[in-house]
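> Below you will find the structure I want to go over with you.
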Amino acid sequence: MNQVLDAIITRRSVRSYKPDPIPEDVLERILTAGQYAATGMNRQSPIILAVTDKAVRDELSAMNAAIMGADKDPFYGAPVVLVVLASKAAPTYVYDGSLVMGNLMLAAHAEGLGSCWIHRAKEEFESEEGKALLRRLGIDGEYEGIGHCILGYAAEEPKAAAPRKQDYVYWLR
């Protein structure tokens with residue numbers, strides 16, 4: 001089978017990670033894959049916050065957990081968090097950011113890493129704390145959080161794929 005199709009079919013969400021760091025060259029390849037996601041009219045509305053600093057990662061985790069109403073780490077111990085945001089100025093920003101998330105997760109899998117899409121980025125970056133983080137980074141503009149792509153080495157083998165539903169595809173021949 002073609003490598004791309006194999007990655008698409010075998011990728012699974014991982015919810016338990018080893019604390020081992022990800023080599024920077026591997027992370028750079030994953031980030032490049034995210035940057036080459038299709039975007040509406042090639043506007044490239046998304047941006048990616050590559051968080052490898054443990055203090056910032058833990059700050060995001062605490063914000064996310066508070067929104068969720070939980071006290072556990074919603075990032076499942078993953079050492080890297082890639083936050084995808086997209087400029088609200090583009091009419092396709094949610095779709096653009098979603099495609100970036102897909103590319104990041106597929107590239108991570110191709111690199112032998114686990115990943116998972118964690119929600120509540122929208123709420124995080126609508127908060128004063130989230131907006132302050134963007135200001136600290138010198139990011140201006142109206143951005144909406146699309147998702148967190150958590151990355152790391154899987155602590156256990158992911159579950160097998162669930163069967164695909166019977167009525168997923170309707171052919172019009």
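> Calculated from DSSP H runs of 4 or more alone, at -39500 (n - 2.57) each and per residue, what is the 222 nm mean residue ellipticity of the chain, nearest 500?
Values: 6 runs with 68 residues, N = 173.
Calculated from helices alone, the mean residue ellipticity at 222 nm is -12000 deg cm²/dmol.
> Can you check what the net charge comes to around residue 104, using other residues whose Cβ is under 14 Å from the Cβ of residue 104 (Lys, Arg +1; Asp, Glu -1)?
The answer is -1.
> Tabulate in residue order the Karplus-calculated ³J(HN,Hα) for region 7-17, using 6.51 cos²θ - 1.76 cosθ + 1.60 with θ = phi - 60°, rounded to whole Hz; enter x for Gly and Pro.
Coupling constants for region 7-17: 4, 4, 6, 9, 5, 9, 6, 10, 10, 7, 10 Hz.
> Compute the length gained on full extension between residue 24 and residue 41: take 0.36 nm times their separation in residues and subtract their Cα-Cα distance, giving the result in nm to one decimal.
3.0 nm
> Hey, got the dipole for the chain? About the Cα centre, +1 on K and R Cβ, -1 on D and E Cβ, debye to the nearest 20?
That gives a dipole near 620 debye.
> Quick check on packing: order 106-116, 137-147 by the mean number of other C-beta atoms within 10 Å, highest mean leading.
Going from most to least packed, we get 106-116, 137-147.
> What list of ³J(HN,Hα) couplings, whole Hz, do you get for region 58-72 from phi and the Karplus terms 6.51, -1.76, 1.60, once you set θ to phi - 60° and write x for glycine and proline?
With coefficients 6.51, -1.76 and 1.60, one gets 5, 4, 5, 4, 5, 4, 5, 4, 4, 5, 6, x, 10, 10, 9 Hz.
> OK, next. Which entries in 88/159; 18/72; 72/159 show an alpha-carbon gap greater than 28 Å?
88/159
> Once you list every other residue whose beta carbon is under 15 Å from the beta carbon of residue 47, what net charge do they have if Lys and Arg are +1 and Asp and Glu are -1?
Here the count lands on +1.
> Suppose a student asked you for the relative contact order of region 18-105, using Cα pairs under 8 Å spaced at least 6 residues apart; what percent would you report?
Relative contact order of region 18-105: 46 percent.
> Please check: in the Gaussian network model of the chain (C-alpha springs, under 10 Å), which one of 41, 68, 101 has the largest mean-square fluctuation.
Residue with maximal mean-square fluctuation among 41, 68, 101: 41.
> State, as an integer percentage, the relative contact order of region 91-149 based on alpha-carbon contacts under 8 Å between residues 6 or more apart.
For region 91-149, the relative contact order is 43 percent.
> Okay, which of region 123-152 sit inside 11 Å, backbone N to the point 7 Å along the Cα-Cβ direction of residue 56?
From region 123-152, the list is 133-139.
> Sticking with this structure for a sec: Find how much the distance from residue 5 to residue 162 grows on full extension, using 0.36 nm per residue of separation minus their present alpha carbon separation; answer in nm with one decimal. Display every interim value, and only then the final one.
Values: separation 157, 0.36 × 157 = 56.52 nm, distance 1.70 nm.
Value of the extension gain: 54.8 nm.
> Near the amide H of residue 114, under 5 Å away, which other amide H atoms are found, from residues 5 or more places off or on another chain, if H is placed in the peptide plane?
Excluding prolines and chain starts, which carry no amide H, the hits are 152, 153, 154.
> Full extension from residue 31 to residue 169: what is 0.36 nm times the residue separation minus their Cα-Cα distance, to one decimal in nm?
Using 0.36 nm per residue and subtracting the Cα-Cα distance, I get 46.5 nm.
> Got the relative contact order for the chain handy, in percent, Cα pairs under 8 Å and 6 or more residues apart? Show your work: numbers first, answer last.
Numbers: 291 pairs, mean separation 56.9, N = 173.
So the answer I get is 33 percent.
> Still on this structure, I have one more. Can you give the Rg to Rh ratio of region 57-173, both from alpha-carbon atoms, with Rh computed by the Kirkwood formula? Intermediate results must be reported in sequence, preceding the final value.
Working: Rg = 16.4 Å, Rh = 15.9 Å.
Answer for region 57-173: 1.03.
> How large, in Å, is region 1-107 by the Kirkwood hydrodynamic radius built from its alpha-carbon pairs?
15.2
Read-outs: derived from the displayed coordinates by stated rules, not from any lab. Quantities reported herein were computed from a predicted structural model and do not represent experimental measurements. Don't worry about glycine lacking a Cβ; one is built from the backbone with ideal geometry, like all the others, and counts go over all protein chains shown.
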